[in-house]
């Protein structure tokens, strides 16, 4: 069942409010953060090299090589699944975070929920 235009507008407003209140959370739950292909390839190669060192260390009974292999595997996986920390744009915004719009001067500085409740009360009183 598709959303009505009003529901879509409210949902977009909620999304904008979330992005303005907590951009890190919005970025984390949006699921659209792009991983760099170079990091994925390097992480995969490092992980495979770590598996090789771990197996080689166990087979040759060299504990240090096994430990280094395990650490290399772990580092490779972390590199492959990590997201970029620095913003991709020069203006300080990440790839999937839209710049915020300025509020009109006459608007209240209340939270989104406060404004939503005020509109709800106003509509109930009018109808």
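Values quoted throughout were computed directly from the atomic coordinates according to the rules given, and no laboratory measurement underlies them. Model, not experiment: these values are computed from the prediction. Cβ atoms come from the backbone with ideal geometry, glycine included; neighbour counts cover every protein chain shown.
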Highest to lowest packing among 113-121, 15-23, 46-54, scored as the average C-beta count within 10 Å: 46-54, 15-23, 113-121
Chain lengthening between residue 118 and residue 78 when straightened (0.36 nm per residue, less Cα-Cα): 9.8 nm
Nitroxide proxy distance, nm - points 7 Å out along Cα→Cβ at residue 20 and residue 64: 5.9
